[in-house]
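The values are calculated or read from the model by the stated rules, or taken from the named source; none is laboratory data. Just so we're clear, the structure is a prediction, and the values are computed from it rather than from any experiment. Quick reminder, even Gly has a Cβ in these numbers, built from the backbone with ideal geometry, and neighbours come from all protein chains shown. Just so you know, the surface numbers come from the protein's heavy atoms only, side chains and all, with ligands and any DNA or RNA stripped out. Shrake-Rupley method; radii C 1.70, N 1.55, O 1.52, S 1.80 Å.
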Amino acid sequence: PRATMVDDFSDVITELRRTFDSGVSRSLRWRRGALGSLRRLYEENTDAMVSALLSDLGGGNTRVIGELLGVPNIDMALSQLEEWTADRPARHDWALGRSFIRPEPKGVVLIISAWNFPIKELLEPLVGALAAGNVALLKPSELSPATASLLAQLVPQYLPPDAVRLVQGGVPETTALLELQFD
């Protein structure tokens, strides 16, 4: 399901927050699965993404190459995930005990893309959000309509809809999103 009305945004965020609060996105298994699904989204839809980008941005295939370099970032995140999530020793001045820093996910993340890099600026930050154990609300640029429409179809097919949602709209919808509470 995709929300497009301003009134629906609070409900979408409530659903995402419920998923985050359940703790499901904290496990390394869940994070690996979500990142693997995002990798498949790229790999299985490259031609469709190129077509959408060319429709929105013009130019040749060279123009869109940089937009589709998300797979190496996903692979790096997958290879570093255990290190990034591990407790790190921390110094302290007490004679007894141990101190450590534990990386923790923040919650619901809003990611908004610009018109000129509509895939790169939407999905690459999503790599970091998912690797960190967060859930995300994605808002593609309305000025890249073919890409936004394609991503609106692909995101719920590949990513868990209770943890990653995509909403569309223009300036009023973006303004409404920015007034809501994100983590």
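Just the residues that are in contact (Cβ under 8 Å) with a residue 60 or more places away in the chain, assigned to a loop (DSSP other than H, G, I, E, B) and open to solvent by less than 10 Å² (accessible area, probe 1.4 Å), please, taken from the stretch 135-183.
Within the stretch 135-183, S144, L159, A163, V167 meet the criteria.
Tally time: how many residues in the stretch 74-124 are without any contact (Cβ under 8 Å) to a residue 60 or more places away in the chain and β-branched (V, I, T)?
Summing the residues that are without any contact (Cβ under 8 Å) to a residue 60 or more places away in the chain and β-branched (V, I, T) in the stretch 74-124 gives 4.
Determine which member of the set A34, A52, A77 is within 19 Å of S141 (Cα to Cα), aliphatic (A, V, I, L, M) and surrounded by 12 or more Cβ atoms within 10 Å (Cβ to Cβ).
After ruling out the rest, the residue left standing is A52.
D93 is checked against (1) part of a loop (DSSP other than H, G, I, E, B); (2) open to solvent by 50 Å² or more (accessible area, probe 1.4 Å); (3) at pLDDT 95 or above and fails just one. What number does that condition carry?
D93 satisfies every listed condition except (3).
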